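Working notes, beginning with the structure itself.
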Amino acid sequence: QVQLVESGGGLVQPGGSLRLSCTASGSIFSINTMGWYRQAQGKQRELVATITRGGSTKYADSVKGRFTISRDNAKNMVYLEMNSLKPEETAAYSCNARVRERGAIREYDYWGQGTQVTVSS
């Protein structure tokens with residue numbers, strides 16, 4: 001079994017910054033791509049950013065230049081630095097990881113429970 005736990009959410013004023021962290025733990029052999037997604041109330045979940053094991057990144061157009069995704073492979077962690085936050089970015093932010101468990105051949109996607117980010121004055 002693999003667990004993902006996010007932290008770092010909270011209330012921030014428009015234009016402010018937050019840093020989210022996500023730790024993967026459990027029976028992990030390797031982790032391929034990791035990423036952050038968000039889901040606002042009443043809306044579909046959307047991709048925010050992803051990062052491969054080698055460090056290649058991909059961002060939603062709406063966050064390019066303001067958000068930065070990074071990871072620490074040794075610690076099985078992924079981070080999301082968010083700057084110049086906007087009220088419309090209020091959402092539950094969830095971590096995703098494509099994991100190969102010990103003794104397994106295939107990779108599977110795992111999700112964290114999510115951390116709430118509220119951007120409001």
request  = Determine whether Gly15 is among the small types (Gly, Ala, Ser), out of contact with any strand residue (DSSP E or B) (no Cβ under 7 Å at 6 or more places or on another chain) and touching a residue at least 40 places away in the same chain (Cβ under 8 Å).
outcome  = yes
query = Of all residues in the stretch 97-121 being modelled with pLDDT of 95 or more, in contact with a Phe, Trp or Tyr (Cβ under 8 Å, 6 or more places away or on another chain) and small (Gly, Ala, Ser), which is nearest to Gln39 (Cα to Cα)?
reply = Gly114
query = Going by the conditions given, is Lys75 assigned to a loop (DSSP other than H, G, I, E, B) and either surrounded by 13 or more Cβ atoms within 10 Å (Cβ to Cβ) or modelled with pLDDT of 95 or more (or both)?
reply = yes
key: Ser30 being of a type in the set (Ser, Thr, Tyr) and either over 15 Å from the mean Cα position of the chain (by Cα) or in a helix (DSSP H, G or I) (or both)   = yes
ask   = Hey, among Ser62, Ser56, Ser94, which residue is among the small types (Gly, Ala, Ser), open to solvent by less than 40 Å² (accessible area, probe 1.4 Å) and at pLDDT 95 or above?
value = Ser94
key: Criterion violated by Val48 - all others in (1) at pLDDT 95 or above; (2) among the aliphatic types (A, V, I, L, M); (3) exposed (fewer than 14 other Cβ atoms within 10 Å of the Cβ) satisfied   = (3)
ask   = List, please: which pairs have Cβ atoms under 7 Å, are six or more places apart or on different chains, and start with a residue in the stretch 77-105 that is among the basic types (Lys, Arg) and end with one that is open to solvent by 20 Å² or more (accessible area, probe 1.4 Å) and outside any strand (DSSP E or B)?
value = Lys86/Pro14; Arg98/Glu107; Arg100/Glu107; Arg102/Ser27
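The values are calculated or read from the model by the stated rules, or taken from the named source; none is laboratory data. Note that the structure is a prediction, hence the values are computed from the model and not measured. No Cβ is skipped: glycine too gets one built from the backbone with ideal geometry, and neighbour counts run over all protein chains shown. Note: accessible area is taken over every heavy atom of the protein model, side chains too, but ligands, DNA and RNA are not part of it. Shrake-Rupley method; radii C 1.70, N 1.55, O 1.52, S 1.80 Å.
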